[in-house]
Amino acid sequence: MESKLVTGSKNATKKRQPGFGGGLVFLCIIATLFAGSWAASNALAADWLTWRGPNRDGRVHDFKLPAAWPDKPTQVWQSDVGTGHASPLVQGDHVFLLSREGDNEVVRCVKLSDGAEVWSKNYPAPYKVHPAATAHGKGPRSTPALADGQLFTLGINSVMTAWDAKTGKQLWQRDFSERFKHTSPLYGTSTSPLINDDVCIAYVGGDDDGALIAFDRKTGETRWEYTDDGPSYASPVITTIGGTRQLITQSRKYVLGLSASTGKLLWQEAYRTRFDQNSVTPLVIGDRVIIGGFRQGITCYRIRGRGRRFSVSRAWHTDDASMYMSSPVVSRGQIYGHSQNRKGQLFCIDVGSGNVRWLGDGRLADNAALLIVGETIVTVTTDSELIVFKADAAKYSEVARYEIADDEVWAHPALTDRGILIKDEQTLALWSLE
């Protein structure tokens with residue numbers, strides 16, 4: 001892999017493709033301390049360790065916005081890293097990425113400062129793309145998770161692997177090809193693994209035959225699993241409602257809550273979309289869960305209960321906006337997101353009532369990734385635009401708009417101390433906003 005430093009903005013012709021419509025005892029102690037000290041010494045305020053930022057809700061607390069937005073961002077470096085929609089992770093001066101080269105999935109670490117490769121590992125991952133998902137390629141699409149010097153990746157075929165983040169050594173791997181008839185949903189594994197204390201949780205398998213599994217982070221052994229429904233394309237989140245720590249996600253047929261410690265079902269509500277494309281990461285606001293689906297509008301569920309007894313009811317629903325693959329953010333009681341209506345438009349909806357505050361212009365893009373910093377929303381579209389606007393319930397208030405890549409961008413960006421990391425179809429690039 002070659003990385004090149006760039007001193008100015010890049011102005012290459014963009015290609016367009018159609019969108020889709022984480023003794024021996026003494027040596028172990030020393031090794032653990034060394035790994036821990038490596039992670040600690042490389043930890044900066046803006047570490048990016050999981051899907052959608054620190055809390056998987058798109059909210060970023062430790063990114064410094066520029067005092068004045070530049071006329072153009074500056075591309076610091078760009079590296080060819082392979083294909084896929086997985087988002088980059090960052091810890092200190094290290095960037096971690098899961099991608100594809102040929103029939104292999106590749107896990108690599110590069111330097112944030114200049115894009116130089118630190119290490120890379122690969123394993124076979126042959127995959128046949130469903131015709132309806134041709135434009136999305138062979139993956140991978142799941143963003144890894146990073147914790148305590150361990151990197152956890154979930155491949156397009158539900159191969160779950162733990163890696164040593166410092167050296168790239170494979171620590172353990174689980175392959176489910178002999179357990180499940182299909183090792184991915186129809187359009188490929190897309191859910192991103194989640195760290196919870198000493199386990200890494202991931203949805204594996206396909207459609208009606210799969211399991212949400214809590215893997216022991218050290219050994220890869222199963223701690224608990226939920227097998228009542230197969231995986232969707234959404235990623236789980238963990239929150240506390242009614243004093244109970246819950247994992248909330250969309251499966252193929254439901255939106256549901258499980259005990260984060262045992263995997264026991266606490267509540268569920270039937271939720272199906274056309275072609276079984278549940279793909280929105282739930283946004284949890286207090287006891288409310290916001291989800292959306294393909295041509296399904298947006299729904300807010302209210303979760304009530306305590307201990308092991310919970311009930312779910314629909315608080316409101318709107319068809320004025322409809323989230324498909326894009327997940328929303330929240331600020332001061334308002335939800336901001338990307339709707340598939342009118343060929344893509346931004347929106348603002350009141351959390352309490354579901355009333356639409358405003359709808360942006362149509363034809364924005366097939367999809368968009370939203371992150372919120374303070375009261376500023378940073379958006380990257382599949383049409384490779386970086387759009388910055390204010391979290392303003394009264395009106396759409398744009399701050400800046402830039403071309404940020406040479407190709408479509410389906411991966412979420414990562415906001416770092418050195419700038420914004422953008423993964424497009426084939427490359428990873430660092431852009432400075434100063």
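The values are calculated or read from the model by the stated rules, or taken from the named source; none is laboratory data. Since we're looking at a predicted model, the values are computed, not measured. Quick reminder, even Gly has a Cβ in these numbers, built from the backbone with ideal geometry, and neighbours come from all protein chains shown.
A residue that is of a type in the set (Phe, Trp, Tyr), assigned by TED's automatic domain parsing to the domain that holds ASN196, at pLDDT 50 or above and surrounded by 16 or more Cβ atoms within 10 Å (Cβ to Cβ) cannot be found anywhere in the range 55-66. Any residue at all in the range 120-127 that is of a type in the set (Ser, Thr, Tyr), in a strand (DSSP E or B), buried (at least 22 other Cβ atoms within 10 Å of the Cβ) and touching an Asp or Glu at 6+ places or on another chain (Cβ under 9 Å)? Taking every residue of the range 120-127 in turn, none turns out to be of a type in the set (Ser, Thr, Tyr), in a strand (DSSP E or B), buried (at least 22 other Cβ atoms within 10 Å of the Cβ) and touching an Asp or Glu at 6+ places or on another chain (Cβ under 9 Å). If GLY210 meets every condition in (1) within 26 Å of ILE335 (Cα to Cα); (2) among the small types (Gly, Ala, Ser); (3) touching a Gly at 6+ places or on another chain (Cβ under 9 Å) apart from one, which number is that one? Result: GLY210 passes all but (1).
Can you pull out the residues in the range 156-200 that are in contact with a strand residue (DSSP E or B) (Cβ under 7 Å, 6 or more places away or on another chain) and of a type in the set (Phe, Trp, Tyr)? TRP163, TRP172, PHE176, PHE180, listed by residue number. Being of a type in the set (S, T, N, Q), in contact with a His (Cβ under 7 Å, 6 or more places away or on another chain) and assigned to a loop (DSSP other than H, G, I, E, B) is a condition met by at least one residue of the range 312-335. Please determine whether any residue of the range 111-132 is under 19 Å from the mean Cα position of the chain (by Cα) and over 18 Å from GLY205 (Cβ atoms). No: the range 111-132 contains no residue that is under 19 Å from the mean Cα position of the chain (by Cα) and over 18 Å from GLY205 (Cβ atoms). Do the conditions hold for GLY307, that is, is it modelled with pLDDT of 95 or more and surrounded by fewer than 24 Cβ atoms within 10 Å (Cβ to Cβ)? So GLY307 does not fit the description; no. Screening GLU408 with (1) surrounded by fewer than 23 Cβ atoms within 10 Å (Cβ to Cβ); (2) at pLDDT 95 or above; (3) charged (D, E, K, R) gives one miss only, at (1). A single entry from THR183, THR143, THR161 fulfils the requirement of being of a type in the set (Ser, Thr, Tyr) and within 14 Å of GLY84 (Cα to Cα): THR143. Is it the case that TRP38 is of a type in the set (Phe, Trp, Tyr) and either modelled with pLDDT under 55 or over 22 Å from TRP119 (Cα atoms) (or both)? For TRP38, the condition - of a type in the set (Phe, Trp, Tyr) and either modelled with pLDDT under 55 or over 22 Å from TRP119 (Cα atoms) (or both) - is met.
Based on this model, can you work out whether TYR187 counts as surrounded by fewer than 22 Cβ atoms within 10 Å (Cβ to Cβ), of a type in the set (Phe, Trp, Tyr), modelled with pLDDT under 95 and more than 24 Å from PRO54 (Cα to Cα)? When the stated conditions are applied, TYR187 passes them. Restricting attention to the range 261-288 and to residues that are more than 18 Å from GLY305 (Cα to Cα) and hydrophobic (A, V, I, L, M, F, W, C), the residue that is surrounded by the fewest Cβ atoms within 10 Å (Cβ to Cβ) turns out to be ALA270.
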